[in-house]
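Right, one structure below, let's go through it.
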Amino acid sequence: LVRGIRHTAVRQAHRKHEPDFHDKYGNLVLLGGAAAFVAVWGYVLTQAGIEWGLSPVGRITPKEWRE
């Protein structure tokens, strides 16, 4: 019984490995996703018209003091 199990394990380990979807396209999908991520955030950070100044200095004028 043990010899049969060992024989099956060796046969499966040495069988020809056919490339699946991840072997064929895994890196391509990863690079495509990274490129899309960079493109979208590049657009958002540069073109979307968001005002990124977080400091209120110079933008907020104090009210006149009332006594």
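Where a number appears in this text, it was derived from the coordinates with a stated rule and is not lab data. This is a predicted model, so every value here is computed, not measured. Cβ coordinates were reconstructed from backbone atoms using ideal geometry, including for glycine residues, and neighbour counts include every protein chain displayed.
Extending 7 Å from the Cα toward the beta-carbon at both Arg3 and Ile50 defines two label points whose distance is 6.9 nm.
Based on the Cβ-Cβ distance of Val38 and Lys63, what FRET efficiency does E = 1/(1 + (r/R0)^6) give at R0 = 35 Å, to the nearest 0.05?
Taking R0 as 35 Å, the efficiency between Val38 and Lys63 is 0.20.
Sequence-ordered 3J(HN,Hα) estimates for the stretch 33-38 from the Karplus curve with 6.51, -1.76 and 1.60 and θ = phi - 60° stand at x, 5, 5, 5, 4, 5 Hz, glycine and proline given as x.
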